[in-house]
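Below you'll find the structure, written out as structure tokens, and then a few comments.
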Amino acid sequence: MSGKRPVVIDLRFARESVVSALSAAFPDRPVIDMGDPTNAERDLSDAEFAVVWKPDPALFRRATGLKAIFSGGAGVDHILSAYELPDLPIVRFVDRSLTDRMSEWVVWQCLHHLRNGIAYAGQQRDRVWHEIADQPEACDVTVGVMGLGVLGADAARKLKVMGFDVIGWSRRPKTIEAIETFDATSLDAFLGRTDILVGLLPLTDETRGIYDRALFSSLRRTGPLGGPIFLNAGRGGSQNETELAACLADGTLKAASLDVFEKEPLASDSPLWSMPNVIITPHAAAASEVRALFRHVEGQIARLEAGQPLEHIVDRNSGY
Ligand code: NDP
Ligand code: OXD
């Protein structure tokens, strides 16, 4: 090998996907795969980079020579909130495959609600042939995307292509072609226009519990879908699940599609499981493709070695 220092991998993903992706990754440097039990006691002080998803907390005490930490996903709350992290750059996973998957999920769910997917699935179960009248068009429905980062902005553009009226909200002012945007100071105006709310926020101190009864009550109630609909694929910690379930039960919300939950896996006794107006996916909206993740890490290391700055570095102050 080239004399380069190792990259340490601690990814709590499906084991086969990590092993398979590692077979072709990092050809020019040693790899320490913490999923391999023979590495359990290995000295990690020579490791130069770490690629992690919910890693062993001891990793950062043992790997004392790291230059950068790469998150195995776009979100970094899994490490920022749970570990004493060394003062090193933390790089988020940003990649076309992840972005496309998330936009697929968002567009899928918005179309499902637009086209009465829940009602028609119920009718099919009951062998009922009945066309629901007054089908609105996508352009009649305003989708409000909360979080206009890499994922939110892409989802907003693709929803626009499908014909929806799309608006967006982010902490700082943003310009996205053909999409009206609102910043942190104009949340109420944004919510008051929104028929389908799409949550694509990171979990930070500011966004924890943001999706609560007060917020759901501010959504537009006079839209063509017969009540506001909530989609969340950001983080479950941003939703007050007790209030969410109550709002779905009393009609404050007409329906929801939820990919993320306060506690995952979702407890088997959660009322959300059996609500007829709720669609649940198991944090599967945009799983990281491990080969793509390693390509992204290789690319960032190559940049660093060429004297260029790392991209997609987390701002520790804002928490994302
Ligand atoms: P980015 O960091 O690119 O974007 C985050 C967006 O949220 C930005 O527009 C930011 O505003 C906005 N934001 C953050 N805090 C606030 C706040 N307090 N008020 C208003 N807006 C705020 O993240 P990504 O788009 O890449 O990812 C978003 C999240 O999606 C991830 O953090 C992760 O939690 C989740 N995710 C979920 C997956 C799943 O499978 N369910 C898969 C991948 C990611 P500004 O533009 O002003 O900075
Ligand atoms: C991510 C996730 O943050 O999969 O990438 O949740």
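List of remarks:
- Summed over the stretch 39-75, residues that are in a strand (DSSP E or B), touching a residue at least 24 places away in the same chain (Cβ under 8 Å) and open to solvent by less than 20 Å² (accessible area, probe 1.4 Å) total 7.
- Tally, over the stretch 1-38, of residues that are closer than 15 Å to Ile301 by Cα and outside any loop (DSSP other than H, G, I, E, B): 4
- Hits in the stretch 255-265 - residues which are assigned to a loop (DSSP other than H, G, I, E, B) and in contact (Cβ under 8 Å) with a residue 60 or more places away in the chain: Asp259
- The requirement of being assigned to a helix (DSSP H, G or I) and open to solvent by 20 Å² or more (accessible area, probe 1.4 Å) is satisfied by Ala246.
- Restricting the stretch 261-287 to residues that are surrounded by fewer than 22 Cβ atoms within 10 Å (Cβ to Cβ) and within 11 Å of ligand 2 (Cβ to nearest atom), the residue that is farthest from Gly226 (Cα to Cα): Ala287
- Selection from the stretch 61-109 of residues that are more than 10 Å from ligand 1 (Cβ to nearest atom), at pLDDT 95 or above and among the aromatic types (Phe, Trp, Tyr): Phe70, Trp108
- Selection status of Gln308, modelled with pLDDT of 95 or more, of a type in the set (S, T, N, Q) and loosely packed, with under 12 Cβ neighbours inside 10 Å: yes
- Apart from one condition, Leu80 fits all of (1) open to solvent by 40 Å² or more (accessible area, probe 1.4 Å); (2) more than 17 Å from Gly234 (Cα to Cα); the exception is (2).
- Subset of the stretch 130-156 [within 16 Å of ligand 1 (Cβ to nearest atom) and part of a loop (DSSP other than H, G, I, E, B)]: Gly147, Leu148, Gly149
The values are calculated or read from the model by the stated rules, or taken from the named source; none is laboratory data. Nothing here was measured: the structure is a model prediction, and the numbers come from that model. Cβ: placed from backbone, ideal geometry, glycine included. Neighbour counts: every protein chain shown. Calculation scope for accessible area: heavy atoms of the full protein, side chains included, ligands and nucleic acids excluded. Shrake-Rupley method; radii C 1.70, N 1.55, O 1.52, S 1.80 Å.
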